[in-house]
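The values are calculated or read from the model by the stated rules, or taken from the named source; none is laboratory data. In this text, all values refer to a predicted model and were calculated from it rather than measured experimentally. Neighbour counts are summed over all protein chains in view; Cβ atoms, including those assigned to glycine, are modelled from backbone coordinates with ideal geometry. Protein only, heavy atoms only, side chains kept; ligands, DNA and RNA dropped before computing areas. Shrake-Rupley method; radii C 1.70, N 1.55, O 1.52, S 1.80 Å.
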Amino acid sequence: MFAYKASAQQGTRMFRAKILSKCAFRRKMSSRLVLGIETSCDETGAAVMDETGLILGESLHSQKEVHMKTGGIIPTVAQRLHRENIGRVVQEAMERSGVTQSQLSAVATTVKPGLALSLGIGLHFSLNFVKLHQKPFIPIHHMEAHALTVRMLQPVVFPFLVLLVSGGHSLLALARGIDDFLLLGQTLDEAPGDTMDKVARRLSLIKHPKCSMISGGQAIEILARDGDRLKFLFKPPMGAHYDCNFSFAGLRNQVTMSIQKKEEEEGVEQGTLLSCVNDIAAATQHTVASHIAKRTHRAILFCKAKDLLPSCNPTLVVSGGVASNQYIRKILKIVTDTTGLHLLCPPSKFCTDNGVMIAWNGVERLREGKGILSHTEEVNYEPKAPLGVNITAEVKEAAIKLPPLKLRVTD
Ligand code: KG4
Ligand code: ZN
C-alpha cells in the first residue's frame with residue numbers, strides 16, 4: 001500500500017516536472033534570449049537571460065581576493081585574470097542555461113566606463129563571439145546597467161532617482177529612460193568604497209580576526225557596530241558647497257591623521273592593530289553615510305523643485321557595492337521618509353558587478369530596439385564615459401539649502 005502510494009506520488013511528481021519543463025522550454029523558445037558579459041573592473045561575469053528577466057544561467061569569477069592581497073587592483077593582473085577566465089565563465093553560463101549559441105538573440109557586453117585593459121578583454125571576446133555566431137551586438141554602459149538592474153526585480157517606472165555608490169563610482173542621477181539620464185552630482189576625487197578600502201588598509205584590518213577575508217567597506221561596517229562614533233569627530237565634507245557632488249579624499253586625510261596620532265599616543269608602529277579600530281570605523285562610516293545622505297537629500301529637493309519626479313510613488317534606487325551597507329541604508333531611509341520617497345535597494349548580489357545586470361540592460365535595449373549593432377560593426381571600449389547629460393552646474397546654481405534633519409540611526 002505504502003509502496004503504491006509512494007510510486008503514485010512519484011509518478012505525479014515526474015508528470016508535473018515534465019509539464020513544468022515543457023512550459024519552461026516553450027517560454028525559453030518563445031522569448032528572445034540575451035547573453036550578458038561583464039569585465040569592466042575585477043569581476044568576470046556572464047549570464048543568459050530571457051526577455052522577461054528570468055536568469056537562465058550565470059557564472060561569476062571574482063578577482064577580489066587576489067587584489068586584496070596586493071592592496072588594490074593592478075590593471076595588468078586584472079587583465080590577465082579576465083583573459084584566463086572569460087572563456088570558462090561564458091561557457092558555464094551557457095551550459096547552466098541549457099541554451100545553445102544559435103538560440104541567442106543578441107550578446108550584450110560592457111564597453112564603458114572601466115579599466116581599459118579589463119574592458120578590452122570582454123569586448124575582444126564578445127566581438128569574436130558575435131562574428132562567429134553571427135549575432136547582433138549590444139554595447140552596454142556599466143553605470144546605466146547598475147542604475148536599471150532594479151527594474152529586473154520589480155516594476156519601477158521612469159523617472160526615478162538613482163544613487164550609485166561603489167569602489168569606483170559615486171553619483172546621483174535621474175533615470176528618465178533606458179538611455180536617458182540626467183547627472184545631478186558625482187565625486188570630485190574618489191568613491192566611498194575606495195575611501196573605506198584605503199582606511200581599512202591603513203588600519204591593517206586584514207589582521208583583525210573578523211575582517212581577514214572581506215572587503216574594506218564590509219570590515220568598516222562590521223567593526224563600526226561595536227564602536228562609538230563620537231570618539232572621533234571628522235569634519236563633514238563640502239559643507240559650504242550647496243550642490244550634489246561628493247568628495248571623500250579630505251575625510252580620508254583626516255582619518256589618516258587621527259590614526260597617526262593614535263599610533264604615536266599608543267607608541268606602536270604603523271601596521272599594528274589599534275585598540276580604537278571600532279571607534280575609528282564607526283566615525284568614518286557615519287561621516288561617509290551623512291555625506292552621501294546630505295547630497296541625496298539635496299538631489300531630491302532639486303528634483304522636486306524642478307518637477308522632475310512623479311507625484312505618484314517617487315522613488316530613490318540605491319545600488320553599487322557600498323549600497324549593501326546597512327548603516328548607510330538606514331540613514332538614507334531617514335532622508336526618503338522625510339521627503340516622501342520610496343527607497344529601493346536591490347539585494348547585495350545585484351548591487352555589485354555581475355553578468356546579470358549586463359544581460360538585463362541588453363534585454364531592455366532589445367525590447368526598445370535601442371543601440372543594437374550588427375556583428376560586422378566596429379566597436380571600441382571607452383575607459384571614461386559620463387552618465388547621461390551633466391546638469392551638475394544647474395544643481396549648483398540652484399544652491400538649495402537643506403532643512404535641519406537629524407541623521408541618527410537607532411537599532
Ligand atoms: O560594486 P562593487 O562590487 O565594485 C565596484 O567598485 O565597482 O563595490 C565594491 C566596493 C568596495 O570598495 C567595497 O569596500 C565596498 O564596495 N563595499 C562596502 C560594503 N560592501 C562592499 N562598503 C561599505 N559597506 C559594505 N557593507
Ligand atoms: Zn560596478
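Kindly state, to the nearest 0.05, the FRET efficiency for Ala398 paired with Ser102, given R0 = 45 Å and r defined as their beta-carbon distance.
Computed FRET efficiency for Ala398 and Ser102: 0.25.
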>> Is the C-alpha gyration tensor of region 59-134 telling us rounded, prolate or oblate? Criteria: a/c under 1.5 is rounded; beyond that, a/b larger than b/c is prolate, otherwise oblate.
In response: prolate
> Using a 1.4 angstrom probe and counting only protein chains, how large is the accessible area of Arg32 in Å², to 10?
Replying inline: 90
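Is the shape of region 249-385 best called rounded, prolate or oblate, per the rule: a/c under 1.5 gives rounded, else a/b larger than b/c gives prolate, else oblate, with a ≥ b ≥ c the square roots of the Cα gyration tensor eigenvalues? Don't skip to the answer; put the middle values down first.
On the way: a/c = 2.76, a/b = 1.57, b/c = 1.76.
Oblate shape, in that a/c is at least 1.5 and b/c is the bigger or equal ratio.
Greater than 23 Å separation of Cα atoms is the criterion. Which listed pairs, Lys69/Lys112; Lys112/Lys304; Lys306/Lys330; Lys210/Lys262, meet it? List each step's numbers first, then the result.
Values: Lys69/Lys112 27 Å; Lys112/Lys304 31 Å; Lys306/Lys330 27 Å; Lys210/Lys262 21 Å.
Exceeds cut-off: Lys69/Lys112; Lys112/Lys304; Lys306/Lys330.
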>> On the principal axes of its Cα set, how long, how wide and how thick is the chain? Give whole Å, largest value first.
In response: 71, 55, 51
> With the calculation restricted to Cα positions, what are the radius of gyration and Dmax of region 174-328 in angstrom?
Replying inline: 17.5, 58
>> Within 10 Å, at most 14 other Cβ atoms, and a DSSP state outside H, G, I, E, B define an exposed site. Report the longest part of the chain free of exposed GluC sites (Glu not before Pro).
In response: 1-268
> Residue by residue through region 70-86, which ³J(HN,Hα) values in whole Hz follow from phi under the Karplus form 6.51 cos²θ - 1.76 cosθ + 1.60 (θ = phi - 60°), with glycine and proline marked x?
Replying inline: 8, x, x, 7, 9, x, 5, 5, 4, 4, 4, 5, 4, 4, 5, 10, 4
> Can you put Leu230, Leu387 in order of accessible area, largest first, using a 1.4 Å probe?
Replying inline: Leu230, Leu387
> At a Förster radius of 30 Å, what calculated FRET efficiency corresponds to the Cβ-Cβ distance of Asp337 and Leu373, to the nearest 0.05?
Replying inline: 0.10
> Which whole-angstrom value gives the distance between the alpha carbon centres of region 200-256 and region 102-157?
Replying inline: 33
> Residue separation times 0.36 nm, minus the C-alpha to C-alpha distance between Lys304 and Arg32: what's the value?
Replying inline: 94.1 nm
> Tell me, what is the FRET efficiency for Glu382 and His124 to the nearest 0.05, using R0 = 22 angstrom and their Cβ-Cβ distance as r?
Replying inline: 0.90
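Dividing the alpha-carbon Rg of region 325-411 by 2.2 N^0.38 Å yields what?
It is 1.59.
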> For region 29-169, what log10 I(q)/I(0) values come out of the Debye formula at q = 0.15, 0.21 1/Å, with one point per alpha carbon and no solvent?
Replying inline: -0.77, -1.34
>> Multiplying the sequence separation of His241 and Asp180 by 0.36 nm and subtracting their Cα-Cα distance, what value in nm do you get?
In response: 19.3 nm
> When all alpha-carbon pairs of region 253-327 are counted, what percent fall beyond 17 Å?
Replying inline: 60
> Pulled fully out, how much extra length does the chain show between Val156 and Lys349, if you take 0.36 nm times their separation in residues and subtract their Cα-Cα distance?
Replying inline: 67.6 nm
